[in-house]
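Asker: The following block contains the structure, expressed as structure tokens.
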Ligand code: FAD
Ligand code: NAP
């Protein structure tokens, strides 16, 4: 079993660790802390970027900020950390979150075990030794008994799948890899493609400074106001005074967000006037809580329609030009079936004279040209084009690594019809390979910090348990995996999530299998299941001694 000095296996590799972690976002950082500082294992992190923070390291676009209130979207594992850190805004912005990630790295002295600017190219399981052999793009080789993929669900940015991309001779930006130091758009003519959360935040923030902004929208998105502002001292005080109770409540809740305050009643059981009042109250409060106004909004189309009508009226009330308002109104999918956007004056920007909207369903992009964008209707010339076109979500970062398990089985091939996991944590045929917030877990449907901590703690406890029992290998059984995948699909099938072409379903990536990837069952229920599995001697997993352990 691994000890502080390394796995001790004979190998030609230059570097030997007990555990290798890929990715230094919040998941990889906390994983390193647990394995190294709490358990005394030798652990090393490989990170493609030049710093910690993952999402918040890369996505530096103007206006990037959380859609979950700051104190809720933060680590809970250290009371001292929580008490020492003060968020300044209700919804913190990217620079502050990145500062927080760096503060965590400093506080727990994480950097000394992280190799930055180091992208992992392959992870191969060696059956003879029971070790994972990791190769980096710059040729480093390292082995470890355990390999933990903390590669992120929204870290594999899509490359523009638009004809002519690359021909444009002006400035080109992607929200997901925004340059450090920012960009000056003052008085420039800017085109932006994409109206998901990244696009919406960017559009809202740059609209006042650009000379002209043309928004190319394929599918309109539902967006609700954040009502952001300075975080009131009394809120921080209350949070810290009740942190233990609040954190427990988060962990046992549906999606790990207390501000949601879900109501149990069914939409149409509530009199119309009270229903409207509830929607109004939640719209005024801001954020995701509108989507939790009633219990059946995510499952009953008639209930969902009530909320669609409410938000449609709001858009009409804000956007002065009725035609633009109509184009900005989603009509092809239920509200909430794609992640709601949380904005700060998004619809209002379309009342500015320098902002216009191109509906790509009416006039599709034909090509990107050397000077701009050509739609079926006309040419637009720009100084800069911004791509806010999203990610190959949940499986993309893993798919970009050559991962091979028993018998040389490639994860890419095993997942050719969609991801297969047991609990979103492990994959049969891939012993000792753990996924943090992998497909099949609540993951992106939740407050990710809550889900990350739960997974990291489960993985750390599992590795410790194996060590205490002189065991060295854990692997999901094919039967447990199949049952779990069937359960994940069954729960999703009963929801309205299936009715949108969302990235949850892989629908945003041409050729990707249409499978609902995250687990809709809720973080509390899911946590109980994971704990129960562990308590029942890791039911659904096979535990063993590796050949040379
Ligand atoms: P990441 O932060 O994505 O980190 C993964 C790291 O792995 C990256 O640094 C990447 O460089 C590295 N990596 C990947 N592949 C390799 C490789 N082959 N070799 C080496 N390194 C590799 N979630 C919320 O709950 N609330 C929010 O408000 C919210 N806002 C978001 C805003 C944006 C713009 C985006 C894109 C996502 C947002 N998310 C939000 C989701 C967010 O990804 C998670 O909250 C969280 O930050 C994920 O942390 P992570 O460590 O799991 O992954
Ligand atoms: P996204 O939601 O997938 O949005 C991508 C946008 O680009 C969509 O409008 C999409 O249109 C459009 N698009 C993609 N390819 C296109 C093409 N070839 N031509 C024209 N349009 C194209 O991606 P995202 O905005 O980066 O957000 C992804 C997720 O990250 C969010 O759902 C959220 O979970 C997280 N996030 C959160 C925040 C936050 O508020 N904290 C901010 C940013 C991101 P279609 O819809 O028609 O495909």
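Asker: Considering only residues of the range 465-506 that are in a loop (DSSP other than H, G, I, E, B) and within 24 Å of residue 392 (Cα to Cα), which is farthest from the chain's Cα centre (by Cα)?
Answerer: The qualifying residue farthest from the chain's Cα centre (by Cα) is 495.
Asker: In addition: Does any residue of the range 101-119 turn out to be in contact with a strand residue (DSSP E or B) (Cβ under 9 Å, 6 or more places away or on another chain), within 9 Å of ligand 1 (Cβ to nearest atom) and free of Cβ contacts under 8 Å to residues at least 24 places away in the same chain?
Answerer: No, the range 101-119 contains no residue that is in contact with a strand residue (DSSP E or B) (Cβ under 9 Å, 6 or more places away or on another chain), within 9 Å of ligand 1 (Cβ to nearest atom) and free of Cβ contacts under 8 Å to residues at least 24 places away in the same chain.
Asker: Pairs, please: C-beta under 6 Å, at least 6 apart or cross-chain, first residue touching a residue at least 12 places away in the same chain (Cβ under 8 Å) and within 16 Å of residue 217 (Cα to Cα) and in the range 378-393, second assigned to a loop (DSSP other than H, G, I, E, B) and within 14 Å of ligand 1 (Cβ to nearest atom)?
Answerer: 388/194; 389/158; 389/194; 390/158; 390/196; 390/508
Asker: Among the numbered criteria (1) more than 16 Å from ligand 1 (Cβ to nearest atom); (2) in the same structural domain as residue 194 (by TED's automatic domain parsing); (3) buried (at least 21 other Cβ atoms within 10 Å of the Cβ), which one does residue 327 miss?
Answerer: (3)
Asker: Specify the residue that is farthest from ligand 2 (Cβ to nearest atom); the eligible residues are those in the range 330-346 that are surrounded by 22 or more Cβ atoms within 10 Å (Cβ to Cβ) and not in a loop (DSSP other than H, G, I, E, B).
Answerer: Across the range 330-346, the extreme among qualifying residues is 343.
Asker: So which strands (runs of 3 or more DSSP E) stay within the range 138-199 end to end and still have 3 or more residues that are within 12 Å of ligand 1 (Cβ to nearest atom), in the same structural domain as residue 114 (by TED's automatic domain parsing) and touching a residue at least 40 places away in the same chain (Cβ under 8 Å)?
Answerer: Counting at least 3 such residues, we get 141-149.
Asker: Additional query: How many residues, within the range 125-137, are touching a helix residue (DSSP H, G or I) at 6+ places or on another chain (Cβ under 8 Å) and in a strand (DSSP E or B)?
Answerer: Qualifying residue count for the region: 1.
Asker: Quick check on residue 509: is it under 18 Å from the mean Cα position of the chain (by Cα), in a loop (DSSP other than H, G, I, E, B) and in the same structural domain as residue 134 (by TED's automatic domain parsing)?
Answerer: For residue 509, the condition - under 18 Å from the mean Cα position of the chain (by Cα), in a loop (DSSP other than H, G, I, E, B) and in the same structural domain as residue 134 (by TED's automatic domain parsing) - is met.
Asker: Here is a further query. Looking only at residues that are more than 23 Å from residue 301 (Cα to Cα), touching a residue at least 60 places away in the same chain (Cβ under 8 Å) and surrounded by fewer than 21 Cβ atoms within 10 Å (Cβ to Cβ) in the range 509-526, which one is farthest from ligand 2 (Cβ to nearest atom)?
Answerer: Ranking the qualifying residues of the range 509-526, first place goes to 524.
Asker: Given the conditions (1) surrounded by fewer than 19 Cβ atoms within 10 Å (Cβ to Cβ); (2) closer than 13 Å to residue 222 by Cβ, and given that residue 311 satisfies all but one, which numbered condition is not satisfied?
Answerer: The failed condition is (1).
Asker: Is there a residue being in a helix (DSSP H, G or I), farther than 22 Å from residue 238 by Cα and within 16 Å of ligand 2 (Cβ to nearest atom) anywhere in the range 102-118?
Answerer: no
Asker: Here is a follow-up. Here is a list: 94, 71. Which entry is more than 17 Å from the chain's Cα centre (by Cα), closer than 23 Å to residue 225 by Cα, buried (at least 19 other Cβ atoms within 10 Å of the Cβ) and within 16 Å of ligand 2 (Cβ to nearest atom)?
Answerer: Of the residues listed, the single one that is more than 17 Å from the chain's Cα centre (by Cα), closer than 23 Å to residue 225 by Cα, buried (at least 19 other Cβ atoms within 10 Å of the Cβ) and within 16 Å of ligand 2 (Cβ to nearest atom) is 71.
Asker: Would you mind stating whether residue 517 is touching a helix residue (DSSP H, G or I) at 6+ places or on another chain (Cβ under 7 Å), part of a helix (DSSP H, G or I) and modelled with pLDDT of 95 or more?
Answerer: no
The values are calculated or read from the model by the stated rules, or taken from the named source; none is laboratory data. Because the structure is a prediction, the values reported are computed rather than measured. Reconstructed Cβ throughout: ideal geometry from the backbone, glycine too, with neighbour counts over all protein chains shown.
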